[in-house]
Structure formats: structure tokens, C-alpha cells
Amino acid sequence: MNDLLSKIIEKNRHLTSKGKVASYIPALERVNPEYLGICIADMKGKLHLAGDYGQKFTLQSISKTISLMLAIIDNGTEKVFNKVGMEPTGDAFNSIVKLEIISPSKPLNPMINAGAIAVASLIKGEGPEEKFNRLLALFRKICQNEKLGINKEVYLSEKETGNRNRALAYFMKDVGIIDGDVEDVLDVYFRQCSIEVDCVDVARIGLFLANNGVVLETGERIAEEKVAKTIKTFMVTCGMYNASGEFAINVGIPAKSGVGGGIMAAVPLRMGIGVFSPALDEKGNSIAGYGLLKDLSEELDLSFF
Ligand code: GLU
């Protein structure tokens, strides 16, 4: 397996020069675009590694999967989906346009920024710190990594420049999707996006979802099987932004990308995959990461369609 991973890393390396690192969050711009790494965590608990798998990056939108899980654990499915929809959108991840024109005015799904901010508002806890710490504790269990924390520079950079997210959140407060203090809600969201991980952590998130809500290494069930399946379904329909349909055809596995350059994939009952390469295509997906997953899916016959 490690030979296969090294082979597909070399095959896709040229793609790292094709995309652009995210620059709308200033701290994300300061990364070497040539990084390319992969980790597979299999159902025997074994890790398969190649390239820059130990390089750190921030979770960004990948965090939306587990924050949704915590919001459902805290509130139940019905309450969460009263505030956020279940439908894919052809718009960009940070688009504002549909919020106003659809009725009722709720974000279309929890994988776009508006939906994820609404989800963050549902996490229980005294203030933003406690809410975020509950989410971080969940990530630490799932990733089997007690050292997991945030990249402060990225967090502060997002907090300072996240005006589009602020606009989404204040609009949602106005129409009653979000309760409470908007800046506190945004603080939880900015922190979750800034959690710092490597490919191994991300592969373990994928493995946990592939294993239907049970941490493979400890046997602890964190979420009901149905909740894990709901999240994987969102990954299929909305996980790769407005390229999710094309990704389903080309790769055929549930995946969630983030503008930090990571992609987390969960192959049901087979494996979790974490890939990282920070140069993005115009839709915000890691261009070489996408290439790695496409080749891996073909080589190991991973598509479930
Ligand atoms: N923190 C990023 C934002 O809110 C997350 C976007 C992403 O990874 O898609 O813009």
C-alpha cells in the first residue's frame, strides 16, 4: 500500500503548481504550495502514509462535519434541521445570495458557511470558550490526539478579516435562524476552522465516520449510526462545495474539503483518508488532493456508485 501511495503522490505532484493557496484569510497565504501528503487509516487500525503526511494545516470546512454531529447530539435531528436545510447548492461555499431569496430564509445545508455558522450557534455551553472546548474534546477523541488545538495565528486572522461570514451571521440573526450573541457564535466557528491537524488526524476523522460513529481504536460510540450516515450523505451531496456532483462521478466517495488544503474522505466500512495539498482550484478544493483521491479510488475500486 505504501508503494501505491508514493506512486500516486509522484503522479499528482505536478498539480501543486496549478492551483493557488487561499489568500482571503491572510494567515493561510503563508504556506508552501508544494506540500503533498496522504494518510489512509484502515479498519484494522493501521496507518498507511506517504509524502508530507505530518505537515500541519488547519481543518477549515472539514470541521463542519463534526460540529454538525455535536449539534445533533446536543439538540436532536429535528431541531437542527429546523434551522438548516438538507439540500445542495450550486453556489460558492461563502455565498450570501440564497439566504435572502429562499423562503423560509434558512441556509441550504450545514456544509456551506452560513449553514455551519447556524450549526455552531446550536452547540451547547456557557460561552464560546466552553462550546468550542466541547467540540475540541470530541475531535481529540476521534483523532486519538490529546495535543490537538488551534493555530492562533489563523484564528486571529479569520476573526479579523471574516467580514463575509459576519454578514451571513448578522443576516441570520435578523431572520431568527441564530439566537444569542452573533460575535460569540462566530468565535466558535472561527476557532473550529482553525483547529490544527495533519493527514493522520484527518484520516482518523474519516475512519470514525466510515465506522459509523464508533472510534475504532477505543470502541467508544460517540454518535448513533444514523447520524454518522447523515453526515456522510452531506459529504456526498455538498462536501466538495459546488464541485460535489463532479467529484461523485470522478471519485465516488464521501469527502469534505477545506480551504486549508485538506480533504477528509470516509469509505464506508473500509477506510478513512486524509490528504493535504494547499494549492486550491477555483472552487476551493485542493487540486492535487483531488487528484490523489481520484487515482486512489480507481486503483482500489473505492467508488460506491
Ligand atoms: N474558515 C473558512 C471560511 O469561513 C472555511 C471555509 C472553507 O474551508 O470552506 O471562510
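Values in this text are rule-based calculations from the coordinates and carry no lab data. The structure displayed is predicted, hence computed values, not measured ones. When we count neighbours, we look across all protein chains shown, and the Cβ atoms used for this are built from the backbone with ideal geometry, even at glycine.
Pop out the ³J(HN,Hα) list for region 199-211 in order, Karplus 6.51 cos²θ - 1.76 cosθ + 1.60 with θ = phi - 60°, rounded to Hz; leave Gly and Pro as x.
4, 5, 4, 5, 4, 6, 5, x, 5, 4, 6, 4, 8
Can you give the relative contact order of region 220-278 as a percent, counting alpha carbon pairs under 8 Å and 6+ residues apart?
22 percent
What is the local net charge at Ile231, summed over the other residues whose Cβ is closer than 13 Å to its Cβ (Lys, Arg +1; Asp, Glu -1)?
Once all neighbours under 13 Å are counted, the net charge is +3.
Alpha carbon centre of region 163-218 versus region 47-119: separation in Å?
The two parts, judged by their Cα centres, are 7 Å apart.
When Lys and Arg each count +1 and Asp and Glu each count -1, what net charge do the other residues less than 13 Å away from Val188, Cβ to Cβ, add up to?
Once positives and negatives cancel, what remains is -3.
Going by alpha carbons, how many degrees (0 to 90, nearest 10) lie between the helix axis of 63-75 and the longest principal axis of the chain?
The answer is roughly 50 degrees.
Please express the shape of the chain as an equivalent ellipsoid: the semi-axes are the square roots of 5 times the eigenvalues of the C-alpha gyration tensor, given largest first in whole angstrom.
28, 21, 18
Can you give the angle from 0 to 90° between the axis of helix 182-193 and the longest principal axis of the chain, with both taken from C-alpha atoms, to the nearest 10?
The angle comes out near 10 degrees.
What is the fewest-to-most order of Ser105, Ser277, Ser17 by other Cβ atoms lying within 10 Å of their Cβ?
Sorted ascending by nearby Cβ count, the order is Ser17, Ser105, Ser277.
Looking only at region 193-230, which residues have a backbone nitrogen under 20 Å from a spot 7 Å from the Cα of Lys7 in the C-beta direction?
none
With charges only on Cβ, +1 for K and R and -1 for D and E, what is the dipole size of the chain about its Cα centre, in debye, rounded to 20?
260 debye
Could you give the dipole magnitude of region 67-182 about its Cα centre, charging the beta-carbon of Lys and Arg +1 and that of Asp and Glu -1, in debye to the nearest 20?
With Lys and Arg at +1 and Asp and Glu at -1, about 200 debye.
Might you list the cysteines of the chain that have no disulfide-compatible partner by the rule of another cysteine's Cβ under 4.7 Å?
Cys143, Cys193, Cys238 - these cysteines have no disulfide-compatible partner (Cβ-Cβ under 4.7 Å) in the chain.
Note down the net charge around Gly272, summing +1 for each Lys or Arg and -1 for each Asp or Glu among other residues with Cβ under 12 Å from its Cβ.
+2
Where does the chain land at 222 nm, in deg cm²/dmol rounded to the nearest 500, when only DSSP H runs of n ≥ 4 count, each adding -39500 (n - 2.57), divided by all residues?
Estimated from H runs of four or more residues: -14000 deg cm²/dmol.
Let's see if you can work this out: charge +1 on each Lys and Arg Cβ, -1 on each Asp and Glu Cβ, no other charges. What is the dipole magnitude of region 201-305 about its Cα centre, in debye to the nearest 20?
300 debye
How far, in degrees from 0 to 90, does helix 287-300 lean away from the longest principal axis of the Cα atoms of the chain, to the nearest 10?
60 degrees
Taking the chain as a Gaussian network, Cα atoms linked when under 10 Å apart, which of Ser63, Ser23, Ser157 shows the biggest mean-square fluctuation?
So, out of Ser63, Ser23, Ser157, the one fluctuating most is Ser23.
Which GluC sites (Glu not before Pro) does region 1-81 hold that lie in a coil by DSSP with at most 14 other beta carbons within 10 Å?
Passing sites in region 1-81 are Glu34.
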